[in-house]
Amino acid sequence: MDTERRRTVGAGLTGHSRKRYRRGMHRGNGPVPAGLALATALLVGASAVRPASASTAAPGPSAKVEQLTTKMKELEQDYGGRLEKLRDTRSQAADAVKKLRGLRSELSEGRALISRLAASRYMGASADPTMELVVSDEPGDLLATAALATHLSANQAARVRRTQTLVDRQREVGRDAEAKITELEREVAELAKERARVKALLKKYKPQSPLVGSGGMTARMIKVRNEIEAELGPFVTIGCTRPGDPQDHGSGRACDFMESSAGQMPSAERQAHGDRVAAYAVENADRLGIKYVIWRQRIYDVRSPGWRTMSDRGSVTQNHMDHNHISVF
C-alpha cells in the first residue's frame with residue numbers, strides 16, 4: 001500500500017486503533033490488499049454520517065401510516081361507515097412497512113458484521129477491533145464492501161454476499177412501501193375533497209334500522225334485493241343478513257348475488273351476467289341508495305366514484321369473483 005493510501009485509511013482510526021493498524025501493516029504477512037483497504041476506508045469514512053435528530057427528521061414510513069390511519073378513521077366517521085378500498089390500501093401499506101422494518105433489522109446486523117471483519121483484517125486476524133465503525137443508512141454506501149469477499153474466508157464472504165442481497169431486497173421493499181403509502185395518501189386526499197357531497201348523500205339516505213320479521217334486512221336493502229332479482233334474476237343464491245358480521249351483512253345492509261356455488265369460478269355466461277348486475281347497480285345507485293358494489297376484485301364506492309382494483313385476498317369468494325356484493329346506506 002503506498003504512503004498516500006496509508007494516510008487515507010489511517011486517518012479514519014484514532015488512538016490505540018491507529019497503533020494496532022500500523023503494527024499490522026509491518027507484519028510478515030505483507031501489506032493489506034488494496035481492495036480491502038479501500039472497502040474498509042469507505043466503512044471508516046461512513047462513521048462521519050449520522051442520522052438526523054428525531055426533531056428534524058421527516059416522518060418515517062411507520063409514522064406516515066399511523067398519521068394516515070388517523071385521517072382514515074376520521075373520514076370513515078364522516079362518510080357513514082367503513083371505506084373498504086381505503087382499508088384495503090391501508091392494510092397493504094402497513095404490511096409493506098412491516099417487511100421493510102424487518103429487513104432493516106437484518107441489514108443492521110449485516111453491516112455490524114462487515115465492520116468488525118474489516119477492522120479485524122486491518123489490525124491482524126487476532127486483533128480485537130476497538131474502533132467505532134458506523135455504516136451509513138444509505139444502502140448504496142455498502143456496495144463497495146463486495147470487495148471484502150475476495151479477501152475473507154468462504155464463510156465470511158457468504159455473509160457479505162448475504163448482506164448485499166439484503167441491500168437489494170431493502171431497495172425493492174422500500175420502493176414498494178413508498179408506492180403503497182403514496183397510494184394511501186392519494187386516496188385519503190381524494191376522499192377528503194368529497195366531504196360535502198358525501199354529507200349530502202348521507203342526509204338523503206339516512207341509515208335505516210333492520211326490520212324484525214324480514215331476515216334482519218333494512219327496507220332499503222329489501223327494495224334493492226327485490227328489484228335486482230326482478231330485473232336480472234334468477235341467481236344461484238342470494239345471501240344477505242349474517243348475524244355477527246362486523247360490516248354491512250351484520251346490520252342488514254348488504255346482499256351477495258351469487259353467480260356460482262361459493263368458491264367456484266362462474267362460467268363465461270354467468271360472469272357476463274355478473275357484469276350486467278354490477279353495471280345495473282352502479283347506474284341506479286343514486287336512485288336506490290346503494291353505497292358500494294364489489295365484483296371481481298374491484299370496488300365501486302359512490303363516496304369515491306370509479307372502479308378501483310382491490311388487493312388479492314386469497315380466494316375466489318374473498319376476491320368476489322363468484323358474486324356481486326351490494327351494500328346500501
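What the table shows:
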| read-out | value |
| --- | --- |
| Residue identified as assigned to a loop (DSSP other than H, G, I, E, B), at pLDDT 95 or above and outside the structural domain of Met72 (by TED's automatic domain parsing) among Gly252, Gly213 | Gly252 |
| Filter result (modelled with pLDDT of 95 or more, among the polar types (S, T, N, Q), surrounded by 14 or more Cβ atoms within 10 Å (Cβ to Cβ) and within 31 Å of the chain's Cα centre (by Cα)) within region 272-319 | Gln297, Thr317, Asn319 |
| Test: Arg253 is buried (at least 18 other Cβ atoms within 10 Å of the Cβ), out of contact with any Phe, Trp or Tyr (no Cβ under 6 Å at 6 or more places or on another chain) and of a type in the set (D, E, K, R) | yes |
| Single match in Ile228, Ile222 (criterion: in contact with a Ser or Thr (Cβ under 8 Å, 6 or more places away or on another chain) and assigned to a helix (DSSP H, G or I)) | Ile222 |
| Breaking point among (1) under 18 Å from Gly80 (Cβ atoms); (2) surrounded by fewer than 17 Cβ atoms within 10 Å (Cβ to Cβ), for Glu269 | (1) |
| Unmet requirement for Lys203, which otherwise passes all of (1) surrounded by 14 or more Cβ atoms within 10 Å (Cβ to Cβ); (2) assigned to a helix (DSSP H, G or I) | (1) |
| Every pair of residues 6+ apart whose Cβ atoms lie under 8 Å, when the first sits in region 254-280 and is under 14 Å from Glu229 (Cα atoms) while the second is assigned to a helix (DSSP H, G or I) and of a type outside the set (A, V, I, L, M, F, W, C) | Cys255/Arg225; Phe257/Gly274; Glu259/Arg270; Glu259/Gln271; Glu259/His273; Glu259/Gly274; Tyr280/Glu231 |
| Count - residues of region 248-269 that are out of contact with any His (no Cβ under 7 Å at 6 or more places or on another chain) and either closer than 18 Å to Val212 by Cβ or not charged (D, E, K, R) (or both) | 15 |
| Selection status of Asp256, closer than 20 Å to Arg220 by Cβ and of a type outside the set (A, V, I, L, M, F, W, C) | yes |
| Within region 81-99, tally of residues that are in contact with a Leu (Cβ under 9 Å, 6 or more places away or on another chain), assigned to a helix (DSSP H, G or I) and over 14 Å from Glu178 (Cβ atoms) | 2 |
| Test result for Gly263, on the phi > 0 side of the Ramachandran plot and in a loop (DSSP other than H, G, I, E, B) | yes |
| Within region 180-200, tally of residues that are within 15 Å of Lys64 (Cβ to Cβ), loosely packed, with under 13 Cβ neighbours inside 10 Å and aliphatic (A, V, I, L, M) | 1 |
| Filtered residue count, region 285-328, keeping only those that are assigned to a strand (DSSP E or B), out of contact with any strand residue (DSSP E or B) (no Cβ under 8 Å at 6 or more places or on another chain) and not polar (S, T, N, Q) | 1 |
| Residues located in region 62-99, provided they are within 18 Å of Val167 (Cβ to Cβ) and either surrounded by fewer than 20 Cβ atoms within 10 Å (Cβ to Cβ) or without any contact (Cβ under 8 Å) to a residue 24 or more places away in the chain (or both) | Lys99 |
| Qualifying residue in region 170-186 (condition: touching a strand residue (DSSP E or B) at 6+ places or on another chain (Cβ under 8 Å) and either touching a residue at least 60 places away in the same chain (Cβ under 8 Å) or not polar (S, T, N, Q) (or both)) | no |
| Condition met for Arg195 (more than 23 Å from Asp312 (Cα to Cα) and in contact (Cβ under 8 Å) with a residue 12 or more places away in the chain) | yes |
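The values are calculated or read from the model by the stated rules, or taken from the named source; none is laboratory data. Here the structure is a predicted model, which means the values were calculated and not measured. Glycine gets a Cβ as well: all are built from the backbone with ideal geometry, and neighbour counts include every protein chain shown.
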